[in-house]
Amino acid sequence: METPEKSTTEEGNDLGSSPGGSIWSQLGFDRFSALYVLVAFFIFFGITEESFLMWNGSLEFVLTDKIVVLMLALAFLVPLTTEAFDLSIGAIAALALLIVNKIALETDLPQGLGALIAIGACLVIGWVNGFIVVKLRVNSFIATLGMSQVVAAIIRNIHDGGQINGELSKTYRSFGKGDIFAFDWPGTGSEIALPWYFLYGLIITFIVYYILEHTPTGRHMFATGGNPEAARLSGINTDRLTWGSLVGSAALAGFAGLVYSWKVGIYTTSFGAPLLFPAVAAVFFGASQLRGRPNVWGTVIAVYTLAFGIKGIGLRYPREISWIQPMFEGLTLLIAVAIASRQLIIKVQKRKLSKEDPDSSESENISDSA
Amino acid sequence: MGSLLKIHELTKIFPGQVALDGVDLEIETGSTHALVGQNGSGKSTLIKVLCGFHQPTGESSASYYPQSIMNTPSLDEPIELRLGDGKAAANAGIRFVHQDLGLVDSFNAIENISMGVGYTKRFGGAIDWRADRKRAEEGLATLGFPDIDVNIPVGLLAPSQKTAVAIARALHDWDKGASLLVLDEPTASLPGADVERLFTAVRRLQEKGVAILYVSHHLDEVFEIADTATILRDGKRIATLPINELDHDKMIELMIGHTLIKRQQASRELTGSEKGLIIQGLTGGTLAGINLHVEPGEIVGVAGIMGSGREMLVPLITGQTPSDQGAVAVDGMQIQNYSPKSAINAGMAFLSADRYSQGVIAIQSVRNNLTLSDVKRNWSSFKLDHKAEKVEADQWIEKLDVKTPTSETPIGSLSGGNQQKVLFGRSLRLEPSVLVLDEPTRGIDVGAKEEIHQLVDQASKDNAAVLVASTDTDELIRLSHRVVVMVNGRISEELKGDQMTVENIERAQLQSQEQKMKAGTHGNA
């Protein structure tokens, strides 16, 4: 029987990530749609808004500003691979920033040590998150939602309301703020420089990518997310992975707070929890890119596509940006997830049909053995 | 008895595939008609055309003889039934219970039944729960399941009880003219003992004059319940015969188009080796202390009815469920800190009974599923060598004859038999000293089944100690060097060589039941 075999092959292509025959998929629209959108933004805003392509107009701002969101997005991504949601990352980042400032303001401890203490506090919270999810078997969504409120309460207890300026020292801030890659932008005379924390962000992104995609640990994490019981029966310590991923997530969130402390320095109440949404949106938008599941580079692309889009809109409609930004992020999340679910529905339907209909791989199986 | 439903020249063509090729089917009033065939023979398609999910291709026709079971004589004039129209089928009194039952687990029986039927409304649109309760209880009592607690979520019911709820829902108005009940693989997820209860329900319906169209993989069931069988192969009707003109072998022959070569394990003497799998005093769940030694190269089958402890044995050996007491040793080394991980590290590999929820990671590729138990193997110079892993996966796909487009295809899109082969690969890849299998061919059709059996043979030839727990007695006889029968959580009997017959194994299992009942009465007295 030739036909069933052929149909299975086609089905395999549709299901897998390998490109099929259509021009649409050959150009990779299905896998790189965000990159095309990003290019479209650059062309459109590059033409209409003069400052969009200027280094100190928006390029530098967006590239460096979004490192915080990127770190939070990775913090959300890591436990998500094991199918655990961490909604406390925004609060944790705020806590780290607050601790750094508070220690600088009220103690004589070295500020670098303050940063380490802040990260330590975040690790403790991540550990408790893991304990609640793994040992007490509380759904991660609920556990971390509760924890985010607990952390918010701790923050209030340390400092109630308003901003706090720890007057972080130059030495401390030069850890992250010092320039690298400094050179002149050809033709314009403006100097190009990126801060150290940009490099740290890149390195951390690469490490997360490496762990998730190129180590057995990463494979085990995705397996845990895909089917925890099957993973456990394959000899994977799923509890430890979930727990570890929540600790890792808290550490990344804490690092996001440190980046902000180098970049801006001052703790304000607007930092933290409000950043959860763009991070989550980027992860789910990113999941629609490259691999059809949450992944690091998809997330990076998503963070910057959103950021440049918002920047461009902000330049074009400066007065409207305050409501356009959340609308843009919200719609992106909804559309990205809707498309992803639609693809999933199609896959599931196809599988059902192929299982029930005669042109399934099973029938092929029979005819071969018969 | 006259005809109830006649289907004439039913054809269904899918792109590139003739699913049904001019199939005739005639069902008699009050009969139990079995529809058998391998996967892909067209039986599912036939059911789907009947219930209106698929449209027939070309000139198909069907007619039915309307009748009420309430003692009114049948009309002589047939009425045309439009195929591929769900509503027309419903009006003709045809009811369906599909394999997945379509129940909402968190709802109770009353809600589930009302959901299909429509709630009884009182004045103002409020649901009349009392009327709905009465309907549910009566419906279930009619089926011989008065013991079902209609107030608890159906997810907590036994599998046979769930099936009963689904049948009660399908037949809610049977006294108003339901004349044919289609049961599509009703026993696919039922443990052995529950099948009997389902059959009791089916017989009760039969007494009331409801005809049954019974679709099943399990030939034993067909012989037990059906009076007529229609055999499909490659979309064609091969034969429709009264059941007493058929036997097991003949039916398989008709299904697959040639005789099945029967294989059996050559007899094997115990060597007295200290290696292999040694289980001592294993206790937990329904297990009340098991001692068993499986030597390298030996295949030991485990039989037992539901509740005998058979279903607990593998989860306890593999560490999936923690045991209360006892020890398991692989090749003379006792496993410490029992967990699936430590069992694997000790040299054990295993397959769980539930392939979908405990075996495959459906959304991930064949490659990822295959290498899951030992991903590290392809770790070189600080990174996972995806290329080497692909090469290895392709080798396994060829070796196990897995029908998959590529190693990157999500495993969930493969057929059950091919998924199971990949999981076998996952286990065999570990080169285990001990291989523990729970229901290795559940839900897999005859052809793929034999291929999997040959993999088990090969594993034992490679000197693994193999333990197979199965409810399929034929499978145990086919595979095992000896079979142990479990009774009340203990091993009651061991059968070897010529003693391993279906009759002996069944008898040993049921004896257990008698003993249990006797023990019960003694206990009470």
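Observations, loosely collected:
- Residue tally, condition outside any loop (DSSP other than H, G, I, E, B) and under 20 Å from B:Ala353 (Cα atoms), over the stretch B:465-489: 17
- Counted residues, the stretch A:305-319 - those being of a type outside the set (A, V, I, L, M) and in contact (Cβ under 8 Å) with a residue 24 or more places away in the chain: 6
- Criterion: out of contact with any Cys (no Cβ under 9 Å at 6 or more places or on another chain), buried (at least 21 other Cβ atoms within 10 Å of the Cβ), not assigned by TED's automatic domain parsing to the domain that holds A:Val300 and not hydroxyl-bearing (Ser, Thr, Tyr) - qualifying residue of A:Leu276, A:Leu233: A:Leu233
- Test result for A:Ile207, among the aliphatic types (A, V, I, L, M), surrounded by fewer than 18 Cβ atoms within 10 Å (Cβ to Cβ) and within 14 Å of chain B (Cβ to nearest Cβ): yes
- Given (1) within 14 Å of chain B (Cβ to nearest Cβ); (2) closer than 27 Å to A:Gly114 by Cα; (3) over 24 Å from the mean Cα position of the chain (by Cα), index of the condition A:Arg173 fails: (1)
- Any hit, the stretch B:302-312, residues being modelled with pLDDT of 85 or more, more than 19 Å from the chain's Cα centre (by Cα), surrounded by 20 or more Cβ atoms within 10 Å (Cβ to Cβ) and assigned by TED's automatic domain parsing to the domain that holds B:Gly489: no
For every residue, the table says whether it meets (1) away from chain A (no Cβ under 11 Å); (2) crowded, with 22+ Cβ neighbours inside 10 Å; (3) of a type in the set (Phe, Trp, Tyr).
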| position | (1), (2), (3) |
| --- | --- |
| B:Thr318 | no, yes, no |
| B:Asn337 | yes, no, no |
| B:Ile363 | no, no, no |
| B:Asn368 | no, no, no |
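- Segments classed as helices (runs of 4 or more DSSP H), wholly inside the stretch A:145-250, with at least 3 members that are under 30 Å from B:Ala353 (Cβ atoms) and in contact (Cβ under 8 Å) with a residue 40 or more places away in the chain: A:216-226
- Cβ-Cβ distances below 8 Å connect the following pairs, each with a first residue in the stretch B:365-384 that is in the same structural domain as B:Thr406 (by TED's automatic domain parsing), a second residue that is among the aromatic types (Phe, Trp, Tyr) and surrounded by fewer than 20 Cβ atoms within 10 Å (Cβ to Cβ), and a separation of six or more residues or different chains: B:Lys383/A:Tyr210.
- Picking from residues in the stretch B:320-329 that are within 14 Å of another protein chain (Cβ to nearest Cβ) and over 22 Å from the mean Cα position of the chain (by Cα), the one that is farthest from B:Pro440 (Cα to Cα) is B:Pro322.
- Annotation note: of A:Val128, A:Val138, the sole residue that is part of a helix (DSSP H, G or I) and either among the β-branched types (Val, Ile, Thr) or in contact with a Cys (Cβ under 7 Å, 6 or more places away or on another chain) (or both) is A:Val128.
- Breaking point among (1) modelled with pLDDT of 80 or more; (2) under 19 Å from the mean Cα position of the chain (by Cα), for B:Leu205: (2)
- When B:Ala393, B:Ala459, B:Ala464 are checked against the criterion of being in contact with a strand residue (DSSP E or B) (Cβ under 6 Å, 6 or more places away or on another chain), crowded, with 24+ Cβ neighbours inside 10 Å, in the same structural domain as B:Gly359 (by TED's automatic domain parsing) and of a type in the set (Gly, Ala, Ser), a single residue qualifies: B:Ala464.
- Considering the conditions (1) within 24 Å of A:Ala94 (Cβ to Cβ); (2) touching a Gly at 6+ places or on another chain (Cβ under 7 Å), A:Ile301 is excluded by exactly one of them, (1).
- Cross-chain or 6+ apart pairs with Cβ under 9 Å, the stretch B:334-357 first and in the same structural domain as B:Pro440 (by TED's automatic domain parsing), then of a type in the set (Phe, Trp, Tyr): B:Pro340/B:Phe350; B:Ala343/B:Phe350; B:Ile344/B:Phe350; B:Leu351/B:Phe424
- When B:Leu372, B:Leu430 are checked against the criterion of being in a loop (DSSP other than H, G, I, E, B), under 30 Å from B:Val330 (Cβ atoms) and modelled with pLDDT of 90 or more, a single residue qualifies: B:Leu430.
- Among (1) of a type in the set (Asp, Glu); (2) closer than 20 Å to A:Thr238 by Cα; (3) crowded, with 22+ Cβ neighbours inside 10 Å, the one test that B:Glu298 misses: (2)
- Qualifying residue in the stretch B:435-458 (condition: more than 11 Å from chain A (Cβ to nearest Cβ) and at pLDDT below 85): yes
- Leading residue by the ranking (nearest to the other protein chains (Cβ to nearest Cβ)) among those in the stretch B:339-350 that are of a type in the set (Gly, Ala, Ser) and in contact with a strand residue (DSSP E or B) (Cβ under 8 Å, 6 or more places away or on another chain): B:Ala343
- In the stretch B:102-195, counting only helices (runs of 4 or more DSSP H) that sit wholly within it, none holds 1 or more residues that are at pLDDT 75 or above, among the small types (Gly, Ala, Ser) and in the same structural domain as B:Gln509 (by TED's automatic domain parsing).
The values are calculated or read from the model by the stated rules, or taken from the named source; none is laboratory data. Note that the structure is predicted; figures quoted are calculated from it, not measured. FYI the Cβ positions are ideal-geometry reconstructions off the backbone, even for glycines, and counts take in every protein chain you see.
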